[in-house]
Amino acid sequence: MIKTLLVEDELQSREFIKSLISDTAPFIDLVGETGHVDEAVELINQTKPGLVIMDIQLYGRSAFDIFKSIGEVDFQVVFITAFEHFAIPAIKLSAVDYILKPISPLEFKEAMQKVQRNAGIEVVAPTAAVQKPSTSVRSNKLVISDYKEMHILKYEDVIYLEGDGNYTHAVLTSGKRITSSKPISEYEEQLGAEGFFRVHKSYIINMARVVKYVKGRGGEVVMDNGDTVYVSSRKKDDFLALLNN
């Protein structure tokens, strides 16, 4: 489930979006809703959502004021607005999608599918067919595929993964960097059970390879190859708890 906030000042539109969520996105856990900028900032800091669905004009203010207040954007964003000229600022914020009002249920569904893919969530319809065994996990190994080859890696040889849009770079103890043609979200679940932790939307680290933590709002970790990796402020507490175990 993806914790989600809905930021929309028009009550009728808000109810319609909630009905679309119910119909098209069963993986969404709606943890809060508001139409005010200040309340949205508070809810984001309190609930640490994985997704925010928001209108841009909010009671005379702008949704972009929210981003100025929170600093780091560590969640997916889908904008819904009646004004097309906001598209470029939205793109600069790396929004998952930008939906114009009146909202098309099909466009909304497609946006939710993008969110779903980015989060690495796969919804499989019930079937009586025998499931094929997974090809992504082989004993204690990680499979990194690019367009030409499949690299079979031992977990202990992976220092960290770095997300780069729809690609992922695996940084290895050998000094090599291998690029996968999959987004980093597709590796999070598998690696989470193998001593890795996603400290930032762009990084999954091997906890056994951490040599130092530098304090800060989110802070930074120094890996045993000397590389520095940022820690999201929203991941900081969970990371420190795991580090101290």
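What the table below lists for this structure:
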{"quantity": "Neighbours by Cβ (under 8 Å, 6+ apart or cross-chain): first from the range 43-66, on the phi > 0 side of the Ramachandran plot; second small (G, A, S)", "calculated": "Y59/G35"}
{"quantity": "Residue count, the range 229-242 (criterion: touching a residue at least 12 places away in the same chain (Cβ under 8 Å), out of contact with any helix residue (DSSP H, G or I) (no Cβ under 7 Å at 6 or more places or on another chain) and not in a loop (DSSP other than H, G, I, E, B))", "calculated": "6"}
{"quantity": "Flag if E186 is more than 19 Å from V73 (Cα to Cα) and not basic (K, R)", "calculated": "yes"}
{"quantity": "Qualifying residues in the range 192-218 (those that are more than 19 Å from K3 (Cα to Cα) and in contact with a helix residue (DSSP H, G or I) (Cβ under 6 Å, 6 or more places away or on another chain)) - the one modelled with the lowest pLDDT", "calculated": "E194"}
{"quantity": "Residue match in the range 206-225 (condition: out of contact with any Asp or Glu (no Cβ under 6 Å at 6 or more places or on another chain), outside any loop (DSSP other than H, G, I, E, B) and within 16 Å of V143 (Cα to Cα))", "calculated": "yes"}
{"quantity": "Hey, I91 of a type in the set (A, V, I, L, M, F, W, C), surrounded by fewer than 20 Cβ atoms within 10 Å (Cβ to Cβ) and modelled with pLDDT under 85 or not", "calculated": "yes"}
{"quantity": "Selection count where residues are outside any loop (DSSP other than H, G, I, E, B) and in contact (Cβ under 8 Å) with a residue 60 or more places away in the chain, scope the range 163-186", "calculated": "2"}
{"quantity": "Any hit, the range 147-157, residues being acidic (D, E), surrounded by 18 or more Cβ atoms within 10 Å (Cβ to Cβ), at pLDDT 85 or above and touching a Ser or Thr at 6+ places or on another chain (Cβ under 7 Å)", "calculated": "no"}
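The values are calculated or read from the model by the stated rules, or taken from the named source; none is laboratory data. Not measured: the values here are computed from a predicted model. All Cβ positions, glycine included, derive from the backbone under ideal geometry; neighbour counts span all protein chains shown.
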